[in-house]
């Protein structure tokens, strides 16, 4: 298995996807009635497809998964560029912090980070912070599921692609238990040739996750929740 997609619910996938493609310097993949996809490849590291699917609704003020973008010594210039693309400043009660909180055109919060000693060789995305009820437990779940390895970081527990490149997956203490509403952003795992989906489903259950009912009949993937309730999709192996 490997991490393939970051999936974002969007009221207007085309408009929204074009913002993020410009923000991340992504490579265009698809732009049609079913959604918009762009690819962010880190040389020598992972390839992450960012997929925008049509789902109505308003994003929650405190998402359980969001993007931290690389700013570093060029933080101010990165922020100005993103504002020019359609982002806006956002106050989520962060107070005086060295990172900058912005909202994308559909209101999803994201951050532009300051220079950090642990900043990875990551391309435009420095981290994917994910809320966790128990980071020590969940890091083992996500390491097994993604094949990523634990590294030192600023979050309680942190994973990274085995190449040592690409964004960090940060397991962060949740401010409260996950409700019934589906996360606006989630991750997709792709089975590799030879992977048995039934064995993977059993492994997810053994590690504290659970299967969820499909969102619609006939979908060619399986929906699960991690031990903290965060949705994750399992995609079939490529033909």
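Only the coordinates and a few stated rules stand behind these numbers; no lab work does. Being a predicted model, the structure only gives us computed values, none of them experimental. All Cβ positions, even for glycine, are placed from backbone atoms using ideal geometry, and neighbour counts span all protein chains on display.
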For residue 237 and residue 2 in the same chain, what is the full-extension length gain: residue separation times 0.36 nm, less their Cα-Cα distance, in nm? 83.6 nm
Using Cα pairs closer than 8 Å and at least 6 residues apart in sequence, work out the relative contact order for the range 150-239, in percent. 25
One would report the Cα pair-distance distribution of the range 63-118, bin width 5 Å, in %, as 5, 20, 30, 27, 14, 3, 0
Exposure proxy order (Cβ contacts within 10 Å, fewest to most) of 36, 16, 224: 224, 16, 36
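Give me the extension gain from residue 101 to residue 121: residue separation times 0.36 nm, minus the current Cα-Cα distance, reported in nm with one decimal. Walk me through the numbers before you get to the answer.
Values: separation 20, 0.36 × 20 = 7.20 nm, distance 2.17 nm.
Difference between extended and current length: 5.0 nm.
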Checked the range 184-239 with the C-alpha gyration tensor, a ≥ b ≥ c its square-rooted eigenvalues, rounded below a/c of 1.5, otherwise prolate if a/b is larger than b/c and oblate if not; verdict oblate
So, in nm, how far is label residue 216 from label residue 11 when the simple model puts each one 7 Å beyond its Cα toward the Cβ? 2.0
Per residue of the chain, what 222 nm ellipticity follows from adding -39500 (n - 2.57) for every DSSP H run with n ≥ 4, rounded to the nearest 500? -5500 deg cm²/dmol
Please report the projected area of the range 95-195's Cα convex hull averaged over all directions, in nm². 8.4
Using Cα atoms only, what is the angle between the long axis of helix 13-24 and the major principal axis of the chain, expressed in degrees (0 to 90) to the nearest 10? 70
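Among bridges DSSP assigns within the chain, what percent are antiparallel (round to 5)?
65
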Counting pairs of alpha carbon atoms under 8 Å apart in space and at least six apart in sequence, what relative contact order in percent does the range 1-107 give? 26
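Taking the DSSP beta bridges in the range 1-118 as the whole, what percent of them are antiparallel, to the nearest 5?
Working: 17 of 25 bridges.
Taking every DSSP beta bridge with both residues in the range 1-118, the antiparallel ones total about 70 percent.
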Mean 1/r over distinct Cα pairs of the chain, inverted to a Kirkwood Rh in Å, yields 18.2
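Multiplying the sequence separation of residue 33 and residue 150 by 0.36 nm and subtracting their Cα-Cα distance, what value in nm do you get?
Stretched out fully, the residue 33 to residue 150 stretch lengthens by 38.3 nm.
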Percent of Cα-Cα pairs more than 13 Å apart in the range 164-206, please. 76
Considering Cα pairs under 8 angstrom that are at least six residues apart, work out the relative contact order of the chain and quote it in whole percent. 20
Cα long-axis angle, helix 75-85 against the chain (0 to 90 degrees, to the nearest 10): 80
Using only alpha carbon positions, build the gyration tensor of the range 24-121, then give the equivalent ellipsoid semi-axes as the square roots of 5 times its eigenvalues, largest first, whole angstrom. 23, 20, 12
Translational diffusion coefficient, Stokes-Einstein: compute it for the range 56-95 using the Kirkwood radius over C-alpha pairs as Rh, at 10 °C and 1.306 mPa s, and state it as an integer in µm² s⁻¹. 130
Enter the mean projected area of the convex hull around the alpha-carbon atoms of the range 1-49, in nm², rounded to one decimal. 3.8
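Rank-order 20-31, 85-96 by packing density, defined as the average count of other C-beta atoms within 10 Å over each peptide's residues, highest first.
Final packing ranking: 20-31, 85-96.
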Rounded, prolate or oblate: which one fits the range 147-226, using the alpha carbon gyration tensor with axes a ≥ b ≥ c (rounded when a/c is under 1.5, else prolate when a/b beats b/c, else oblate)? oblate
